[in-house]
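One structure is given below, encoded as structure tokens.
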Amino acid sequence: VNANGILGLSGGTLSGSGLLTVRGLFNWTGGTIGGSAVVTIATNGVLVLAGNNGSSYDLIGVLTNAGTVRLASGNLRLVGSCAGTPGQMINLPGALVDILSDVSIVRLCSTEFFINQGTVRKSGGTGFSYIYPTFNNTGTLDIRSGIVWLNGDYAPGATSVHRFAVGGYSPGTGYGQLQVSGTIIVVGQLDLMTTNSFVPSSGASFGIITASLRSGTFASVTGRSIGGGLSFNPTYSATGV
């Protein structure tokens, strides 16, 4: 699908033995990407999941993103074989997966995985976006609004960046948060940003990470100074930051 091309999938199953490369726009409003399909969103390509409210988009094949994937409505479900073959989503360096509302990335079995080397951003919604597949993160997890919830233990790579918007969808409300159901190992860089012209009061605190157990600390912090003589000072507890 070339730069000016538009591909639409609204029902049935996209299948075949070849590689589908999208350099234009792929509108996925229904149907399934089958197990034999290998789909790549190229650098300037865009995949939009919108229109499947209250249901899931099933990805049985392999989706590799080098461009932009926008999750607007309906959950993306990675479907692997419960005998061991995983459903796969791979977000390459420089690529963006943008979660535009309170939608989630779910799974059928327990073998599926989501590899992030680029940026995964929750830019909309005031509630939860759940990520149930194993989340292997060496890139950036950028939470602008609402809560990203990760299933199981979370051990990101040393190159990972965790960005939180303190300000949220309105000044001081719904700031970005990460919740981990298991143990989190805190590494890499913490990046803090204020949004919506929000200026916190002196002594205010924001629970940005919660887990059943925490170990480690961030190697570096950016966005610490917020002007007016104020700065963010990360503090660590047994179960969060």
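The values are calculated or read from the model by the stated rules, or taken from the named source; none is laboratory data. Bear in mind that the values here come from a model prediction, so they are computed numbers and not experimental data. These area figures cover heavy atoms from the full protein model, side chains too; ligands, DNA and RNA do not enter into them. Shrake-Rupley method; radii C 1.70, N 1.55, O 1.52, S 1.80 Å.
An oblate overall shape is assigned to the range 18-70, the ratio a/c of its alpha-carbon gyration tensor axes (a ≥ b ≥ c) being 1.5 or greater and a/b not exceeding b/c. Of the Cα atoms belonging to the range 146-241, the radius of gyration and Dmax stand at 13.2, 40 Å. Orientation-averaged projection of the range 50-189 equals 8.0 nm² [convex hull of Cα atoms, one quarter of hull surface area]. Rounded, prolate or oblate: which fits the range 101-150, taking a ≥ b ≥ c as square roots of the Cα gyration tensor eigenvalues, rounded meaning a/c under 1.5, else prolate when a/b beats b/c? Here the range 101-150 falls in the oblate category. Annotation for the range 196-240 versus the range 1-41: alpha-carbon center distance of 41 Å. Shape of the range 1-115 from the C-alpha gyration tensor: rounded (a/c under 1.5, with a ≥ b ≥ c the square roots of its eigenvalues). Solvent exposure of Thr119, expressed as accessible area, is near 30 Å², computed with a probe of 1.4 Å over the protein chains only.
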